[in-house]
1. Residues being in contact with an Asp or Glu (Cβ under 7 Å, 6 or more places away or on another chain) and either buried (at least 23 other Cβ atoms within 10 Å of the Cβ) or over 26 Å from Ser27 (Cβ atoms) (or both): count how many of those fall in segment 63-72.
2. Scan segment 86-100 and report the pairs whose first residue is within 15 Å of Leu39 (Cα to Cα) and whose second residue is acidic (Asp, Glu), with Cβ atoms within less than 9 Å and a gap of 6+ or a chain change.
3. Suppose the filter is charged (D, E, K, R) and either in contact with a Phe, Trp or Tyr (Cβ under 8 Å, 6 or more places away or on another chain) or without any contact (Cβ under 8 Å) to a residue 40 or more places away in the chain (or both); does Glu114 pass it?
4. Only one of these is surrounded by 13 or more Cβ atoms within 10 Å (Cβ to Cβ) and over 14 Å from the mean Cα position of the chain (by Cα): Tyr22, Tyr46, Tyr87. Name it.
5. For Leu39, all conditions in the list (1) within 27 Å of Val13 (Cα to Cα); (2) touching a helix residue (DSSP H, G or I) at 6+ places or on another chain (Cβ under 8 Å); (3) surrounded by fewer than 20 Cβ atoms within 10 Å (Cβ to Cβ); (4) aliphatic (A, V, I, L, M) hold save one; what is the number of the exception?
6. Looking only at segment 49-69, count every residue that is of a type in the set (A, V, I, L, M, F, W, C) and under 20 Å from Gln16 (Cβ atoms) and tell me the total.
7. With the condition kept exactly as written, say whether any residue in segment 26-41 is more than 26 Å from Glu107 (Cα to Cα), polar (S, T, N, Q) and either within 13 Å of the chain's Cα centre (by Cα) or not in a strand (DSSP E or B) (or both).
8. Against the definition (touching a residue at least 24 places away in the same chain (Cβ under 8 Å), surrounded by 16 or more Cβ atoms within 10 Å (Cβ to Cβ) and farther than 21 Å from Lys133 by Cα), how does Val75 come out, yes or no?
Amino acid sequence: MLEKTFGHKKPDVIYQERTGAYGIGFSADGRVPVAMTHLHNGEKGYFLLGGGIEDSESHADCIIRESLEEAGLGVVPKELICRGDYYHYVHRMQMDFHGIGYFYYMEIGEVLSEPTEPDHHLAWLSLSEIREKLFLPHQVWAVEETYQFLRSRNLR
């Protein structure tokens with residue numbers, strides 16, 4: 001499995017760790033479903049569908065649950081592509097954060113409902129928009145790795 005670290009771990013700093021699972025799929029026209037929400041400063045933020053793993057939840061169950069909550073979208077997680085992590089400071093929470101993400105290729109299903117999370121909306125971004133708009137660098141990297149994986153298998 002591919003692994004990559006973003007940011008720099010500062011010595012003598014205690015990080016808040018969060019492990020999550022995220023799904024990456026492509027529509028017929030090459031767009032990726034993402035959740036759009038508003039950041040603390042009021043600007044739009046774009047994030048892959050997925051999030052923190054709850055209790056003894058599997059990665060697949062987390063991706064399915066979060067996709068419904070954030071976008072109302074039905075998905076089927078298929079294959080683990082990569083693991084990326086990101087050391088950074090979160091101003092809104094005023095803490096050093098270590099996000100660990102497991103990124104899966106997923107099949108995209110139908111929109112099943114409205115998102116249940118307030119201020120989350122389904123958006124579709126092209127690969128170039130992913131590079132420009134996705135908020136977290138390890139998520140950008142994971143989309144590019146998933147795209148390359150699919151191309152290597154002639155699935156894109």
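1. First pass over segment 63-72, keeping only residues in contact with an Asp or Glu (Cβ under 7 Å, 6 or more places away or on another chain): 69-70, 72.
Those still in the list that are either buried (at least 23 other Cβ atoms within 10 Å of the Cβ) or over 26 Å from Ser27 (Cβ atoms) (or both) too: 70.
Total satisfying the criteria: 1.
2. Tyr89/Asp96; Val90/Asp96
3. Values: charged (D, E, K, R): yes; either in contact with a Phe, Trp or Tyr (Cβ under 8 Å, 6 or more places away or on another chain) or without any contact (Cβ under 8 Å) to a residue 40 or more places away in the chain (or both): no.
Considered against the rule, which asks whether it is charged (D, E, K, R) and either in contact with a Phe, Trp or Tyr (Cβ under 8 Å, 6 or more places away or on another chain) or without any contact (Cβ under 8 Å) to a residue 40 or more places away in the chain (or both), Glu114 comes out as no.
4. Values: Tyr22 fails: over 14 Å from the mean Cα position of the chain (by Cα); Tyr46 fails: over 14 Å from the mean Cα position of the chain (by Cα).
Answer to the selection: Tyr87.
5. If we test Leu39 against (1) within 27 Å of Val13 (Cα to Cα); (2) touching a helix residue (DSSP H, G or I) at 6+ places or on another chain (Cβ under 8 Å); (3) surrounded by fewer than 20 Cβ atoms within 10 Å (Cβ to Cβ); (4) aliphatic (A, V, I, L, M), just (2) comes out false.
6. Of all residues in segment 49-69, those of a type in the set (A, V, I, L, M, F, W, C) come to 49, 53, 60, 62-64, 68.
Filter once more, so that each one left must be under 20 Å from Gln16 (Cβ atoms): 53, 62.
Number of matching residues: 2.
7. Of all residues in segment 26-41, those more than 26 Å from Glu107 (Cα to Cα) come to 38-41.
Subsequent filtering for residues that are polar (S, T, N, Q) retains 41.
Among the residues that remain, those that are also either within 13 Å of the chain's Cα centre (by Cα) or not in a strand (DSSP E or B) (or both) are: 41.
Yes, segment 26-41 contains a residue that is more than 26 Å from Glu107 (Cα to Cα), polar (S, T, N, Q) and either within 13 Å of the chain's Cα centre (by Cα) or not in a strand (DSSP E or B) (or both).
8. Numbers: touching a residue at least 24 places away in the same chain (Cβ under 8 Å): yes; surrounded by 16 or more Cβ atoms within 10 Å (Cβ to Cβ): yes; farther than 21 Å from Lys133 by Cα: yes.
Answer is yes for this residue.
Each value in this text was obtained by applying a stated rule to the coordinates, not by laboratory testing. Keep in mind the model is a prediction, meaning the values are calculated, not measured. In this analysis, Cβ positions are derived from the backbone assuming ideal geometry, glycine residues included, and neighbour counts consider all displayed protein chains.
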